[in-house]
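Notes for the one structure printed next.
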Amino acid sequence: MMWLSGGFIFRKGTSRYHRLDPRVKLLISALMFVTTLIVRSVFQLAILLAFMVAVAAIATVLRRVARTMALTATFSAFIFIINIIFTRNLETSALYASRFVAIVVSTSLFFITTSPDELEQVMKMFRLPRDLVFAFVTAVRFIPVMMLDALQIMDAQKSRGLELEKGNLLRRVRNMIPILIPLVVNAVVRSGELAEAMESRAYGAVPRPTSLAVYRARTADRVVAIFAVLTFAFAAYSFYFLLPTFLP
Amino acid sequence: MIELRDVTFVHENGVKALDGITLKVDTGETVAIVGENGAGKTTLIKHVTGLLKPTSGTVLVDGIDTHTTSTATLSRKVGVAFQNPDHQLFSESVKEEMAFALRNFGFPPHLVEQRVSWGLQLFGLEEYRESSPLVLSGGEKKRLTLACILAWDPEVVILDEPTVGQDAIQKEKLVGTIRMLGSTGKTVVVVSHDIEFLWPIQPRVVVMKSGRIVADGPAPEIMTKKEMLESARVAQPQLVSFYQALARRPGSPFVDALEARRWIEGGQR
Amino acid sequence: MGKILEIEELSFRYPEATRKAVDSFTLDIGESQIVVLAGPSGCGKSTLLRTINGLIPHMYTGDYSGDVRVAGSSVRTTSMRDLAQTVGFLFQNPENQIFMFTVERDVAFGLENLGVPRPEMRKRVDEAIGLLGIENLSQRAPHELSDGQKQRVALAGVLAMRPKLIILDEPTSLLDPKTAMELVDLVARLRKELGTTFVVVEHRLDLLVRVADRIVVMNAGAKVLDGTPRDVLFGEDADGYGVSVPAVTRVQKMLAKDGLAPDDRLLGAAELASVLEGKGA
């Protein structure tokens, strides 16, 4: 839970990276993602990860990214073991395991530096259906609310003698029921209220709603985008063609 | 029964919600904790059942230190009725809902049956025995959560903002219930920002502001301190304002607000 | 005529219900008024409100007879899109009517839906934010705000649509008395500055008594009392309908029995005390 929230939930930031056009941030993360698929050895992946860490530092989100990396690494150890058992190849297993970490980090970087409003903007630019975009934005907006609800429900049920920490696995799962049902019921009630409020504010009145926010790419954004593409091209070429002949 | 010794609580984000709270509530007392939203009232009661542990200081419930005890254990003695019933109702039927806590606390089946029936009767919910708790009205849900708590007969009952969203009739019934609890020897703590409804009960009043206790005494004494209440952003009960205004008039036959009140209510002319 | 709201013999029954939620209800309200709608829980207030802004019958269907007209147009035949520009609705829970991640974006929500061009939208959003005094909150996320602040944000969103009539559904229920008082003062100010009519459902009458022009009491779907605050609160029947008669009023009624009450029915504690000063001694 904490891993998920630490790794993917947006928090406001003031770094230059945060202020980049969301499309550029998406581009950077996408290019990193593709690069993880191109690398051919653990050594190359390590270089890539180092690069990601550097970008995270520039974006002032280093601590969160480092924590995400550490937590994902423990999970990827699992992947490593499974691969070892089936392929008996140390090199490729290590590659798969660390690739997983790199994939998670590249996506995480995008989500923690891009606000839901920017996400909405990007979705609109990709011409996704209006209802889908709206559902997504609203869902993200209510994540903190539902987390708070969950805590309050747990408090209330603990106060009725519910022990959440004790018992074997089966018992613990059963004990989640008094938490999950009110949570779901509240979500359903909430949806009903949201629907009323939406109708009352003319949702769906026109097929293409206007937007208060303006997202115009600045020169800085274009420069960073071009730089990112060039870096990617260089990295891809190096990893794929050059390095294997120099190093293991 | 409940004792907080110099309790300070600081949130993860550095906000100090409670600052050096020292409070003692004796068995059988009825206490009202008042203050504006954000003064720390709910944070305080969460400490009583161990939902929150103090950053420094001690909380004792019937001599037990909450630091080392689980909420489930403490709740056997301290029943808390939270503000929002929708945060706890989940069972298939009202009777199952009432049995939930009893079973958690280890009541044997025949006793569970007995207490469920008693609780349903007491709160006039017998007709809903087999119904789903989710279809009850707001007021009925609040009564149900209270019934659930009284079923396991805790020594202390804490009510967190019980009047939110209630109409006049429901509030009156609530006052009656609080009186009844007090008369059966229970310790009752009511957290509320609604002063008007509390006035007929005349409880001990504890005023909180910014995580501190700024006043603590019997209702007639506390409710007349206009400036203190103003600074704590607590509204004075209308009647008290009226009595005070009466008492202040030159040539008034009353010495203080209490005499004015006695005059009006006693019908002495 | 200038009537902003005309309800004529309105009756409504939900599809699964046996009784009518609203029963032959008739009410006229003019512009620039603050009308309080009171009554015990379950009396049909919520349903009535929804017939005014069009959620009934456009979103909820049922047995509908009679007519509701807002600014002359019948609710039944007017689209939600048009109704949303005449009637604003502030729901009870501020959380569940804020959709966007940023306050400013949410205030613009209704205008975006209507396709209002950006410059006009900017103007109206700034105006609404200014009216509610929440400039310092405009870039914040809703989950960072207190309940009172969220409510102001939601109200700003409603005001941006420039409705002539605004419905407030139990606006003070989650607020402490001081914040509630601030809201009431705000509503009075908006009425004065904008000429908007407010229909407020509220249990806590003592807060609204000073600013309300009229109190309408409902019971079991029907209108049972309708008059100025003085007429209604000092009347015989108020207590019977579960209406929270303010303490000061009760005192005067009590004194009236002994012939000691002042001739003017007073709504404030201080005024009452000063008048009694002469009589009591």
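Throughout, read-outs are computed from the coordinates displayed, never taken from laboratory work. Because the structure is a prediction, the values reported are computed rather than measured. In this analysis, Cβ positions are derived from the backbone assuming ideal geometry, glycine residues included, and neighbour counts consider all displayed protein chains.
Over the range B:87-153, the alpha carbon radius of gyration divided by the compact-protein estimate 2.2 N^0.38 Å works out to 0.97.
Using Cα-Cα distances under 8 Å and only pairs 6 or more residues apart, what relative contact order does chain C have, in percent? So the answer I get is 23 percent. Just in the range B:103-142: which GluC sites (Glu not before Pro) are loop by DSSP and have at most 11 other Cβ atoms within 10 Å? Answer by residue number: B:130.
For the protein assembly as shown, the residue among B:178, C:158, C:32 whose Cα projects farthest onto the positive side of the dipole built from Cβ charges is C:158. In the protein assembly as shown, the DSSP-assigned H stretches of four residues or longer account for a calculated mean residue ellipticity at 222 nm of -15500 deg cm²/dmol, using -39500 (n - 2.57) per stretch and the full residue count as denominator.
Taking the DSSP beta bridges with both ends in the protein assembly as shown, the antiparallel portion is around 55 percent.
Debye calculation, C-alpha points only, no solvent: report log10 I(q)/I(0) for the range A:69-108 at q = 0.19, 0.35 Å⁻¹, in the same order as the q values. Debye output, listed in q order: -0.47, -1.10. The angle between the Cα long axis of helix C:247-257 and the longest principal axis of the Cα atoms of chain C comes to about 30 degrees, rounded to the nearest 10.
For peptide C:216-226, how many partner chain Cβ atoms fall within 10 Å of a residue's Cβ, on average? Don't skip to the answer; put the middle values down first.
Details: counts 0, 0, 0, 0, 0, 0, 0, 0, 0, 0, 0.
For this peptide, the per-residue mean of nearby foreign Cβ atoms is 0.
Helix B:168-183: angle to the longest alpha-carbon principal axis of chain B, degrees 0 to 90, nearest 10? Rounded to the nearest ten degrees, it is 80. Here the range C:65-106 and the range A:35-50 have alpha carbon centers that stand 55 Å from each other. Site pair residue C:194 and residue A:185 shows an inter-label distance of 3.7 nm when each label is modelled 7 Å from Cα along Cα→Cβ.
Relative to the longest principal axis of the Cα atoms of chain C, the long axis of helix C:147-159 lies at roughly 70 degrees. For the peptide C:239-248, the mean number of other protein chain Cβ atoms found within 10 angstrom of a residue's Cβ is 4. Computed over the Cα atoms of the range C:87-162, the ratio of the radius of gyration to the Kirkwood radius (Rg/Rh) comes to 0.92.
The three principal axes of the Cα atoms in the range A:53-135 give end-to-end lengths of 49, 30, 16 Å, sorted in falling order. For residue C:214, the amide hydrogen comes within under 5 Å of the amide hydrogens of C:34, C:36, counting only partners 5 or more places away or on other chains and with H modelled in the peptide plane. For the pair residue A:47 and residue A:169, the difference between a 0.36 nm per residue extended length and the Cα-Cα distance amounts to 39.8 nm.
Label positions at residue A:238 and residue B:60, each projected 7 Å from the Cα along the C-beta direction, are separated by 6.8 nm.
Residue order for B:199, B:118, fewest other beta carbons within 10 angstrom first, comes to B:118, B:199. Magnitude of the charge dipole for the protein assembly as shown, about its Cα centre and with charges confined to Cβ atoms of Lys, Arg (+1) and Asp, Glu (-1), is about 2660 debye. GNM remark for chain A: springs join alpha carbons under 10 Å apart, and the peak mean-square fluctuation among A:61, A:223, A:34 falls on A:223. Peptide C:104-114 shows a mean partner chain C-beta count of 6 within 10 Å per residue C-beta. Length, then width, then depth: along the principal axes, the Cα atoms of the range B:157-236 run 32, 28, 22 Å. Computed on the Cα atoms alone, the convex hull of the protein assembly as shown gives a volume of 193 cubic angstrom per residue. Between A:92, A:210, A:219, the GNM of chain A built on Cα springs shorter than 10 angstrom shows A:210 fluctuating the most. Look at the alpha carbon pairs under 8 Å that are at least 6 residues apart: their mean separation over the length of chain B gives a relative contact order of 23 percent. GluC sites (Glu not before Pro) within the range A:151-248: which are DSSP loop residues with at most 15 other Cβ atoms inside 10 Å? Listed in order of number, the matching sites are A:165. Rounded to the nearest whole Hz, the Karplus-based 3J(HN,Hα) values (6.51 cos²θ - 1.76 cosθ + 1.60, θ = phi - 60°) of the range C:107-121 follow the sequence 4, 7, 3, x, 5, 4, 4, 7, x, 5, x, 3, x, 5, 4, with x at glycine and proline. Taking the Kirkwood radius as the inverse of the mean 1/r across Cα pairs, report the Rg/Rh of chain B. Result: Rg/Rh = 1.01.
Can you list, largest first and rounded to whole Å, the semi-axes you get for the range C:32-130 by taking the square root of 5 times each eigenvalue of its Cα gyration tensor? Walk me through the numbers before you get to the answer.
Numbers: eigenvalues 148, 59, 36 Å².
In descending order the semi-axes read 27, 17, 13 Å.
Counted as membrane-span-like here are DSSP H helices of chain A whose alpha-carbon atoms extend 30 Å or more along the helix's own axis and whose Kyte-Doolittle mean is 0.5 or above; these are A:62-87, A:90-113, A:130-158, A:177-200.
May I ask for the Rg/Rh ratio of chain C, computed from Cα atoms with Rh as the Kirkwood radius, given to two decimals?
With Rh from the inverse mean 1/r over Cα pairs, Rg/Rh is 1.00.
Residues whose amide H falls under 5 Å from that of residue B:18, counting only those 5 or more places apart or on a different chain, are B:9, with hydrogens built in the peptide plane. Of all the options B:31, B:78, B:135, the one that moves most in a Gaussian network model of chain B with Cα springs shorter than 10 angstrom is B:135.
Ranked by how many other Cβ atoms sit within 10 Å of their own Cβ, fewest first, the residues C:73, A:93 fall in the order C:73, A:93.
Over chain A, Cα pairs under 8 Å with separation of 6+ residues give a relative contact order of 30 percent. With a simple spin-label model that places each label point 7 Å from the Cα along the Cα-to-Cβ direction, the separation between residue B:22 and residue C:32 comes to 5.9 nm. Full extension of the chain between residue A:227 and residue A:62 gives 57.3 nm of extra length, using 0.36 nm per residue less the Cα-Cα distance.
Here the mean projected area of the convex hull built on the C-alpha positions of the range B:121-166 is 3.6 nm².
The value given for chain A is a Kirkwood hydrodynamic radius of 21.3 Å, derived from the mean inverse Cα-Cα separation.
Here the extension length gained between residue A:211 and residue A:11 equals 69.7 nm, from 0.36 nm per residue of separation less the Cα-Cα distance.
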